[in-house]
Amino acid sequence: MLNRRALLGAGLLTGVAACTADTPAPKNAAFAPYDWTSVRAQFALDPAYAQFAAFVLAPAPAPVREAIRAHRDGLDADPEYTPAGGGSPDQTVREAAARYLGAEPGAIALTDSTTMGLGLLYSGLVLRPGQDVLTTEHDFLATHEGLRLLAARTGAKVRRVRLYDDPAGASADRMVAAVKEGLGPRTRVVALTWVHSSTGVRVPIRAIADVLAEANRGRAEHDRALLCVDGVHGFGAMADGVADLGCDFLASGTHKWLFGPRGTGIVWGRAWDAVAPIVPSFSQAAFAAWHNGGTPGPNTAELVTPGGYKAFEHRWAMPQAFAFMSAIGKDRVRGRTQELATRLKDGLAGMPHVRLATPRSPELSAGLVCCSVAGMQPAEAVGRLHGQKVVTSVTPYNPSLLRFGTSIVTNPEQVDQAIKAVEGLR
Ligand SMILES: Cc1ncc(COP(=O)(O)O)c(C=O)c1O
């Protein structure tokens, strides 16, 4: 039996005032979005540590924590709780994500993570006989495994190209050329990662989209090469909207650089008719078709959004994360992230025992900074740095590297502290 909350989540109750589309500004009266100290003060992070691993599974700022708490208390008090204001809370989330991305709310599927989003895409994209898939050697498990499963199910060939040999020497032209050369006449899916979590290299998605647009000229709609992007290490760190990127699908968790609630994510797409739903949705169209004994019609982002009951206290707190980042300003966030990354790279580059893997140029990187330390396993370096109150992480790749993430929760003094701590790793 569907209760009021499920119906609201599904967008089935209409005619009630929608939740305010403009999500409330962060409640903390002391929050001054132009002051980086005030931004940092919105987090409950241990002040004793310089936190360069926040992007791994983001801590949430005060307004997001407060929204989670309010929704959780509401749900605990009444399982039929819905946020004040009525309307569909999921639609409010889509609208907030759409404003942030410069997109339409109807183009956005809601997920629990980047991995779920990519799984929905690579399980749901309908391939015709003979169509193939192009990816690279540098992507994360979520892409490679998703494509392996796609190949096992459909028999489609998956080819991998190498975008660079030495990441520190990566070049935009060479990356674009590698994808161009890898494209075949029947390539239907081009699966890329915006910022490589193995190296910190930022891939020129826009330039690759332009190459694909050229290759797609004259192709039938069902033969068009679709550019699918794992955007998680760019989303919330860079300022690009979907129009800037030019891709067909962008999958991202909102629990990394966006500092949103854990267990949340989105997929934006502009070719949803190419994707079959994998998990039944709780959309209005799905319920209406089910009630009438029919099928829901053309595929949409909402139909691809997995149904079922969720950790709604987290999903419904997503708008506060978008509002928090927008209050600071997407360009300022990007600038701060990259400025600090450049400062860190400049400091590390001069050390004889450190080999920087991430390109120095902000054009080819974002907030991830990866390096190796001579004669030391990355995990040992992480442990030693932790002893110096500098929190870092290890890349989950083979071979793995020591990895830093500069962000809105780090400051120049902490970058200098990290540089000094790495200096001491000789
Ligand atoms: C490139 C990349 N994609 C996806 C993920 C997983 O993200 P999520 O937890 O949102 O699935 C990671 C790291 O965890 C990653 O580095």
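Rule-based calculations on the coordinates, nothing more; no lab input. Predicted, not measured: the structure shown is a model, and the values here were computed from it. In this analysis, Cβ positions are derived from the backbone assuming ideal geometry, glycine residues included, and neighbour counts consider all displayed protein chains.
About the centre of its Cα atoms, the chain shows a dipole size close to 580 debye [charges on the beta carbon of Lys, Arg (+1) and Asp, Glu (-1) only; nearest 20 debye]. Anyone know which of Gly236, Gly182, Gly218 comes out most mobile in the 10 Å Cα GNM of the chain? Top of the fluctuation ranking is Gly218.
Largest GNM mean-square fluctuation across Ile278, Ile266, Ile205, computed for the chain with C-alpha springs under 10 Å, falls on Ile278.
Relative to the compact-globule estimate of 2.2 N^0.38 Å, the Cα radius of gyration of the stretch 330-423 comes out at 1.00. Going from the fewest other Cβ atoms within 10 Å to the most, the residues Tyr34, Tyr100 appear in the order Tyr34, Tyr100.
For the stretch 117-237, a Kirkwood hydrodynamic radius built from all Cα pairs, placed in the Stokes-Einstein relation at 4 °C and 1.567 mPa s, yields a translational diffusion coefficient of 89 µm²/s.
Please work out, to two decimal places, the log10 of the ratio I(q)/I(0) at q = 0.13, 0.18, 0.25, 0.29 Å⁻¹ from a Debye calculation in which every Cα of the stretch 29-87 carries one identical scatterer. The computed values of log10 I(q)/I(0) come out as -0.50, -0.78, -1.03, -1.20.
Shown here are the Rg and Dmax of the Cα trace of the stretch 90-325, at 17.3, 59 Å.
Sparsely packed loop sites in the stretch 181-233 (the GluC sites (Glu not before Pro) outside DSSP H, G, I, E and B with at most 10 other Cβ atoms within 10 Å) do not occur. Note on His222 and Ala243: with the Förster distance fixed at 22 Å, the Cβ-Cβ geometry gives a FRET efficiency of about 0.35. Could you grab the relative contact order for the stretch 330-423? Cα pairs under 8 Å, six or more apart, rounded to a whole percent. Result for the stretch 330-423 is 32 percent.
The loop-placed chymotrypsin sites (Phe, Trp or Tyr not before Pro) in the stretch 285-343, going by DSSP, that have at most 14 neighbouring Cβ atoms within 10 Å of their Cβ come out as Tyr309. Considering all alpha-carbon pairs of the chain, what whole percent are spaced by more than 30 angstrom? Cα-Cα pairs in the chain separated by more than 30 Å: 44 percent. Among Asp173, Asp230, Asp132, the largest mean-square fluctuation in a Gaussian network model of the chain, built with springs joining Cα atoms closer than 10 Å, belongs to Asp173.
Among Trp272, Trp257, sorting on how many other beta-carbon atoms sit within 10 Å of each Cβ, with the fewest leading, yields Trp272, Trp257.
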